[in-house]
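Worksheet for the structure shown next.
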Amino acid sequence: MFTRARRRMLRARGGAARRGLRAACALMAGLAVSAPAMACEAVTAGWGLKGRFSEAEFLNTRPAGARHENWIARGARLILHAGYDRETDDYGHGILGPLRDARILTIHVRRPGDDRITCPAGVVLPAGQVFEDIAPRLADLDGDGMPEIIVVQSDATRGARLAVYDRRANLMAATPFIGTPYRWLAPLGAADLDGDGAMELAYVDRPHLARILRVWRYTPGKLTEVATRDGLTNHRIGEAHISGGIRDCGGSPEMILATGDWRALVAAQFDGHTIGIREIGTQTDRDGFARAMSCD
């Protein structure tokens, strides 16, 4: 049986814990407090490799009215940041020239105009795997208003695959690994290519060897291949960039690539069943791709 003094001590400790929790919530709301945050702490930005990140703005509201992030008001404008960190030469493929592989994917949220980051999450790959990529890509694949993170992940014995992670660094879906080491894929991006309401992801499988454009449809927890087209590419060995991407010039989205021999630029469209292509120019350097992507 507790003495009266012991009960007073327990009440005091409980009050201190509640005050610490209130201080953490106040910090996440952007208020100046002296007590340290206990969860979802805001810290100075700066994680990740320079230039190896992507950001996208979203509203803190789910379709049903709930919040994505509980530390800030519903409807607040937020920015999702995803980037690579911790360079490594363990895999040693060198397909991206001066760009080294990365071991870590970092994910965090911040408010526009605020250089602090909140609730950081991350993926640390095991030995034998790397992110063999330029920067993550962001796209809202499931329609909930918050982007997912799309990356190229390579394995020392199985080659590359395309993988999708969520804000909390959970693996949502992935294509199979190509199956052979030092075999890579070059992403084009993600969009509803055929207008059916579902999102598709596109990449060139082995852009220096097989030169196959592959389109995969995303459904929660799964990527399903829906179309392929041979004889197309978007990367030259040793380049630190991937050419082309997905453009929207007012009609259906188009994938911009080069023919396998780099003789011409092409626009490829997926109609829900097959991929059709048309030539749109012969300048296949970076300027030519830039003009094509800008609908010029």
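The values are calculated or read from the model by the stated rules, or taken from the named source; none is laboratory data. If you're wondering where the values come from, they're calculated on a predicted model, not measured in any experiment. Quick reminder, even Gly has a Cβ in these numbers, built from the backbone with ideal geometry, and neighbours come from all protein chains shown. Heads up: the accessible areas ignore ligands, DNA and RNA and are worked out on the full protein's heavy atoms, side chains in. Shrake-Rupley method; radii C 1.70, N 1.55, O 1.52, S 1.80 Å.
Annotations for the structure displayed:
- Filtered residues of the range 261-275 (kept if in contact (Cβ under 8 Å) with a residue 24 or more places away in the chain, closer than 17 Å to residue 292 by Cβ and not in a strand (DSSP E or B)): 262
- Selection status of residue 214, of a type in the set (Lys, Arg) and outside any loop (DSSP other than H, G, I, E, B): yes
- Selected residue [within 28 Å of residue 230 (Cβ to Cβ) and of a type outside the set (Asp, Glu)] from 165, 182: 182
- The residues in the range 56-79 that are open to solvent by 30 Å² or more (accessible area, probe 1.4 Å) and either assigned to a loop (DSSP other than H, G, I, E, B) or out of contact with any Pro (no Cβ under 8 Å at 6 or more places or on another chain) (or both) can be counted, and the count is 12.
- Looking only at residues in the range 184-200 that are in a loop (DSSP other than H, G, I, E, B) and in contact with a Lys or Arg (Cβ under 8 Å, 6 or more places away or on another chain), the one that is farthest from residue 252 (Cα to Cα) is 184.
This table checks each residue for (1) open to solvent by 20 Å² or more (accessible area, probe 1.4 Å); (2) on the phi > 0 side of the Ramachandran plot; (3) of a type in the set (Asp, Glu).
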| residue | (1), (2), (3) |
| --- | --- |
| 95 | no, no, no |
| 110 | yes, no, no |
| 131 | no, no, no |
| 140 | yes, no, yes |
| 149 | no, no, no |
| 154 | no, no, no |
| 161 | yes, no, no |
| 171 | yes, no, no |
| 174 | yes, no, no |
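- Every residue from the range 112-129 that is farther than 18 Å from residue 167 by Cα and crowded, with 17+ Cβ neighbours inside 10 Å: 129
- Among the candidates 242, 237, residue that is open to solvent by less than 40 Å² (accessible area, probe 1.4 Å), part of a loop (DSSP other than H, G, I, E, B), in contact (Cβ under 8 Å) with a residue 40 or more places away in the chain and out of contact with any Cys (no Cβ under 9 Å at 6 or more places or on another chain): 242
- Pairs linking a residue in the range 74-99 that is basic (Lys, Arg) to a residue that is open to solvent by 40 Å² or more (accessible area, probe 1.4 Å), with Cβ atoms under 7 Å and 6 or more positions apart or on different chains, are 74/61; 74/67; 77/57; 77/59; 77/112.
- Pick from the range 252-296, criterion among the hydroxyl-bearing types (Ser, Thr, Tyr) and at pLDDT 95 or above, ranking: most open to solvent (accessible area, probe 1.4 Å): 282
- Taken over the range 196-234, the criterion of being open to solvent by 20 Å² or more (accessible area, probe 1.4 Å) and more than 22 Å from the chain's Cα centre (by Cα) is satisfied by 196, 208, 209, 210, 211, 212, 228, 229, 230, 231.
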